[in-house]
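Encoded as structure tokens, the structure appears first; notes follow it.
The values are calculated or read from the model by the stated rules, or taken from the named source; none is laboratory data. For clarity, every value in this text was computed on a predicted model and none was experimentally measured. When we count neighbours, we look across all protein chains shown, and the Cβ atoms used for this are built from the backbone with ideal geometry, even at glycine. Surface areas here come from the heavy atoms of the whole protein model, side chains and all, with no ligands, DNA or RNA. Shrake-Rupley method; radii C 1.70, N 1.55, O 1.52, S 1.80 Å.
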Amino acid sequence: MVATQTGGGSIDKALTVLEALAEHSRVTDIAAGTGLPKSTVHRILQSLVGWGFARADGNGGYLPGPRILTLAGKVMSRFDPAQHADAALQALRDRTGCTVHFAIRSGDEAVYVRKLEGLRPYQMGSRVGMSLRLHSTSIGKAILAQLSDQEVAAITSRTGLEPRAQHTITDVDALVAHLAEVRRRGHAVDDEENERGIRCVGAPVFDHTGAVLGGISVSGLAFEIDVRDATLTAEVVAAARDVSLAMGAPPERVPAPAST
């Protein structure tokens, strides 16, 4: 249900009706969803039609208008996911001291779009723009865990399961079983699976449709990171949730950190 703004001004009411239009087409349903009188809803809809933000469907109802798509296209062309994620990523780096990455899925791999160096006296070899394999990284496995087993099999059939390090999972059945556990936990780990001596904890990030967009992770030297540390994993999942919400993800689609 759309949040009711009956106590607000005309702009609040118009925005409430516009938001309701994404779910309802009949004036009666929009009025019920917003708590506004039908006469007010009808008047606002007529104004939205005049502006191109709504259109009549020919059956007494209304649909979102073409101007919404035009405006959305302009906004998305200027939308920088990394910039919107910065506050959550910086807070995660400051709380954990680890190097923090944000990567977005691109086909059968993911690409780093943001990196914050940790507070330790060393730097990771990763960089913004670098691609990463999905089967051997914590971000990659967090992404794969949100896909169907069929999608995972299709991806791995194209990319293969290269043994990147001593603990890389190289069998598709073992990977699918592992991803079921990742899905249950809400986070993934890279326990020296992509690079010897490096451990990571990652969690998925979702977009405005609720689909997986990418993931974030914390990374560090293996002797400094305990991937079983419930406090650390909860920090990562919480930060991934914050990033997802900043991307406009539906709150009900985003996992919350498990209680420790």
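Restricting to DSSP H runs of at least four residues, report the calculated mean residue ellipticity at 222 nm for the chain, -39500 (n - 2.57) per run over all residues, nearest 500 deg cm²/dmol.
-13000 deg cm²/dmol
When the accessible area of segment 139-251 is split by element with a 1.4 Å probe, what percent falls to carbon and sulfur?
Its accessible area is 49 percent carbon and sulfur atoms.
Read through the labelled values [x] 19.7; [y] 18.5; [z] 20.3 and report the label of the one computed as Kirkwood radius over Cα pairs in Å from the structure.
Recomputing Kirkwood radius over Cα pairs in Å here picks out [z].
Only Lys, Arg, Asp and Glu count, each charged at its Cβ (+1, +1, -1, -1), so figure out the dipole size of the chain about its Cα centre, rounded to 20 debye.
The dipole of the chain has a size of about 860 debye.
Give the residue list of GluC sites (Glu not before Pro) in segment 89-185 that are DSSP loop and have at most 15 other beta-carbon atoms within 10 angstrom.
Answer by residue number: 117.
How much accessible area per residue does segment 109-176 have, in Å², with a 1.4 Å probe?
49 Å²
In Å², what does the accessible area per residue of segment 12-102 work out to with a 1.4 Å probe?
Roughly 55 Å² per residue, with all protein chains present.
Anyone know which of 176, 236, 17 comes out most mobile in the 10 Å Cα GNM of the chain?
Its mean-square fluctuation being the largest, the pick is 17.
Would you mind estimating how fast segment 106-260 diffuses translationally, via Stokes-Einstein at 20 °C and 1.002 mPa s with the Kirkwood radius over Cα pairs, in µm²/s?
This corresponds to a translational diffusion coefficient of 138 µm²/s.
For segment 104-172, run through the trypsin sites (Lys or Arg not before Pro) and keep only the ones in DSSP coil with at most 12 other Cβ atoms within 10 Å of their Cβ.
Within segment 104-172, the qualifying trypsin sites (Lys or Arg not before Pro) (loop, at most 12 other Cβ atoms within 10 Å) are 127.
If packing is taken as the average count of other Cβ atoms within 10 Å, what order do 49-55, 209-215 fall into, highest mean first?
Packing order, densest peptide first, comes out as 209-215, 49-55.
Sort the following peptides by mean Cβ neighbour count (other Cβ atoms within 10 Å, averaged over residues), highest first: 27-36, 60-69.
The most tightly packed comes first, giving 27-36, 60-69.
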